[in-house]
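Quick notes on the structure that follows.
What follows is calculated from the coordinates using simple rules that are stated; it is not laboratory data. Quick caveat: nothing in here was measured; it's all calculated off a predicted structure. For neighbour counting, all protein chains shown are included, and Cβ atoms are generated from backbone atoms with ideal geometry for every residue, glycine included.
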Amino acid sequence: MKGKDTFTSAELSTIRELIIQKCVSPSQQQKSIRGKLRKNFQFYITDFADDITTVEMFDELLANGTIKCSDQSFVPNTNAKAQTNASHPKKGLSIGLAPIVGKDPHVLILGTLPGEESLKRQQYYSKSGNRFWQIIYALFSDCKVSPNYSDRVEFLKKHGIAIWDVLSGAQREGSLDANITDEQPNDLRSFLKQHPTIKTVAFNGNKAAKQFSKFFPDLTTNHSLKLLQLYSTSGANRQFSDSEMLKNWANIT
């Protein structure tokens with residue numbers, strides 16, 4: 001065995017989402033996703049099978065104990081409507097990205113679901129006009145936003161910021177949140193348990209906040225969490241100036 005066979009429930013949740021993403025992606029992207037599984041989780045598909053081509057195969061490996069959970073029983077969201085036939089992905093299906101999280105984060109920023117450009121590049125907030133990275137850098141330094149995505153990821157981790165999305169996947173034509181249907185949430189409860197240093201959850205836009213309230217009403221009344229609804233950094237949201245955006249987002253610091 002090259003990697004591990006035992007993972008936390010939060011890790012398994014993210015691994016499962018990456019498996020779904022792999023199953024609906026072209027071969028070149030599948031190679032990249034395999035690399036993420038190995039690097040981030042020491043999860044080697046070939047430790048368990050020649051390949052995992054459907055999420056049902058992954059769930060079966062969990063059910064029979066081949067893949068193990070270390071902290072609690074992991075119950076996958078088997079109601080997910082994701083197509084996992086790589087040759088015939090369901091039209092309009094969007095599968096989100098794995099979270100970015102470093103050591104002892106204190107803020108979790110949640111979007112709704114990455115847009116088409118972000119999913120294509122496998123990079124958060126990559127569409128031209130989105131002000132997310134501009135705002136984050138302005139809040140914590142005088143430096144310009146690095147053109148290198150890995151530098152931006154490390155910048156977030158250095159300042160105790162984790163980012164993810166409320167939704168793990170949904171049907172959506174285009175990139176607009178207004179077009180989202182058939183939503184499936186990420187396992188945010190397990191994620192927050194796995195990262196107890198997070199005390200603030202901030203929502204990048206109204207849609208993210210509404211989806212969080214819809215799927216996690218118990219967390220909205222959790223007094224140990226500070227919830228912040230922030231202006232959307234989407235390029236479609238131009239009603240606020242850069243200075244107004246920066247003032248609003250300063251609440252995360």
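Odds and ends about this structure:
- Sorted peptide list for 9-18, 132-141, criterion being average Cβ within 10 angstrom, highest first: 9-18, 132-141
- The relative contact order of the chain comes to 20 percent, based on Cα pairs under 8 Å that sit 6 or more residues apart.
- Of 106, 195, 223, the sequence from fewest to most neighbouring Cβ atoms within 10 angstrom is 223, 106, 195.
- Sequence-separation-based contact order of the range 6-80, relative, with Cα cut under 8 Å and 6+ spacing, percent: 47 percent
- The label-point distance for residue 54 and residue 246, in a model that sets each label 7 Å from Cα toward Cβ, rounds to 5.3 nm.
- Residue 67 long-range amide H proximity, modeled H, under 5 Å: 62
- D (Stokes-Einstein, µm²/s), Kirkwood Cα radius, the range 96-252, 0.692 mPa s at 37 °C: 208 µm²/s
- Between residue 70 and residue 224, the contour length at 0.36 nm per residue exceeds the Cα-Cα span by 52.9 nm.
- Gain on full stretching of the segment that runs from residue 149 to residue 39 - 0.36 nm per residue minus C-alpha separation: 37.9 nm
- Loop-located trypsin sites (Lys or Arg not before Pro) across the range 91-126 with a Cβ neighbour count of 13 or fewer within 10 Å are 91, 103, with loop assigned by DSSP.
- Under the Karplus curve 6.51 cos²θ - 1.76 cosθ + 1.60, θ = phi - 60°, whole-Hz ³J(HN,Hα) for the range 237-253, x wherever Gly or Pro sits: 9, 10, 6, 10, 6, 4, 5, 5, 4, 5, 4, 5, 6, 4, 5, 7, 7
- Structure-based [θ]222 nm, the chain - -39500 (n - 2.57) summed over DSSP H runs of at least 4, per residue, nearest 500: -10500 deg cm²/dmol
- Computed over the range 6-80, the quotient of the alpha carbon radius of gyration and 2.2 N^0.38 Å is 1.02.
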